[in-house]
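S.K.: To start, I am sharing the structure in question, which I have written as structure tokens.
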Amino acid sequence: MRRPRRRTLGSDIAGVVAETGRGVSRFHVGDEVYGDNLALMGGFAEFAVAPEGALAHKPAELSFAEASTIPQAGAIALQGTHSAFPGARVLINGAGGGSGAFAIQVATRMGAHVTGVDNAAKQEFMRAMGAEEVVDYRRDDFTRSREPYDLILDLVAHRSVFAYRRALAPGGRYRCAGGSVRSLLRVATIGWSIGRLTRRSMGVLVVKQGPAHFGPLALRCVSGEVRIHIERTFGLDDVPAALAHLGGGHALGKVVVVP
Ligand SMILES: NC(=O)c1ccc[n+]([C@@H]2O[C@H](COP(=O)([O-])OP(=O)(O)OC[C@H]3O[C@@H](n4cnc5c(N)ncnc54)[C@H](OP(=O)(O)O)[C@@H]3O)[C@@H](O)[C@H]2O)c1
């Protein structure tokens, strides 16, 4: 009962179709594809099995490594920033990671003033992505020392819902996409209620997955409007080192495993 339910992790994938199952009509052997295999996982491998609906044809202009960075992080970035507007004060918590790097760029292109929050080593990177202001989460509590925000996209929710409420301007919106189950539950219950009572909107961003949701970001990457930042690639034998690198707080943007 204590055995892990998944044998092989890894959900964002890119590669060449080696075989198709019965009823598959959109893809053929040899097609270059990418997608988010969240349902089946198994991405840290030479071969992976994915449902047809999770995949899209890879744009020829993007490498496999580049395309693999887009599905999950791109969907989060687009959906997490869709309510930004010109002049909006937007704060992205955890902005130096994979989703954050895309989210900063998308919100900036919408004319928002973006503040990025992450550790000290990622401040320059967030500025390079377009953040006008940056905050080191280990030194500064953005919920106390700053102007309130119109939109907060939280990729690491771990503060109290009262702190997030404090950081929101009237009519503002807070959405968390990541964090512990406990903090997500708090946001969905207490946060939602506090928001309703105080003319703010607080909730969990339940990210819609699939090509329709990440494809538009890939097109923007192809056009050069949005940059893909791969900080480092690791071989398949080095997956533990790749995960340790990510967990160690050093990764800027994306880390990719290349079999
Ligand atoms: N809602 C959904 O449906 C959905 C779907 C898929 C994924 N997700 C979630 O979305 C989240 C974002 O993914 P991602 O790929 O962008 O993750 P990521 O690349 O690991 O980026 C997270 C960033 O947050 C930083 N961080 C850690 N603790 C922080 C704190 N207390 N304050 C501010 N920043 C902090 C990390 O820096 P350090 O290096 O210092 O730790 C890292 O740069 C993940 O939690 C993922 O599980 C949600």
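The values are calculated or read from the model by the stated rules, or taken from the named source; none is laboratory data. Predicted, not measured: the structure shown is a model, and the values here were computed from it. Methodologically, a virtual Cβ is constructed for each residue, glycine included, from the backbone with ideal geometry; neighbour enumeration extends over all protein chains shown.
S.K.: Please tell me if ALA60 is surrounded by fewer than 17 Cβ atoms within 10 Å (Cβ to Cβ) and either under 18 Å from ARG173 (Cβ atoms) or of a type outside the set (Asp, Glu) (or both).
M.R.: It is true that ALA60 is surrounded by fewer than 17 Cβ atoms within 10 Å (Cβ to Cβ) and either under 18 Å from ARG173 (Cβ atoms) or of a type outside the set (Asp, Glu) (or both).
S.K.: Within the range 177-188, is there a residue that is closer than 24 Å to HIS113 by Cα, away from the ligand (no atom under 14 Å from the Cβ) and crowded, with 18+ Cβ neighbours inside 10 Å?
M.R.: No.
Let's see how each residue does on (1) on the phi > 0 side of the Ramachandran plot; (2) outside the structural domain of LEU217 (by TED's automatic domain parsing); (3) β-branched (Val, Ile, Thr):
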residue: ARG3; (1), (2), (3): no, yes, no
residue: VAL17; (1), (2), (3): no, no, yes
residue: ASP36; (1), (2), (3): no, no, no
residue: ALA39; (1), (2), (3): no, no, no
residue: VAL49; (1), (2), (3): no, no, yes
residue: ILE76; (1), (2), (3): no, yes, yes
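S.K.: Of all residues being farther than 19 Å from ARG89 by Cα and surrounded by 15 or more Cβ atoms within 10 Å (Cβ to Cβ) in the range 189-204, which is nearest to the ligand (Cβ to nearest atom)? Just the residue, please.
M.R.: VAL204
S.K.: If you don't mind, another one. Filter the strands (runs of 3 or more DSSP E) completely within the range 1-119 down to those with at least 3 residues that are of a type outside the set (S, T, N, Q) and more than 15 Å from the chain's Cα centre (by Cα).
M.R.: Once the strands (runs of 3 or more DSSP E) in the range 1-119 are filtered for at least 3 residues that are of a type outside the set (S, T, N, Q) and more than 15 Å from the chain's Cα centre (by Cα), what remains is 12-16, 32-36, 55-57.
S.K.: Can you pull out every residue in the range 224-241 that is under 17 Å from GLY10 (Cα atoms) and without any contact (Cβ under 8 Å) to a residue 60 or more places away in the chain?
M.R.: Quick first cut of the range 224-241, residues under 17 Å from GLY10 (Cα atoms) only: 230, 232-241.
Answer for the range 224-241, where residues must be under 17 Å from GLY10 (Cα atoms) and without any contact (Cβ under 8 Å) to a residue 60 or more places away in the chain: ARG232, PHE234, GLY235, ASP237, ASP238, PRO240, ALA241.
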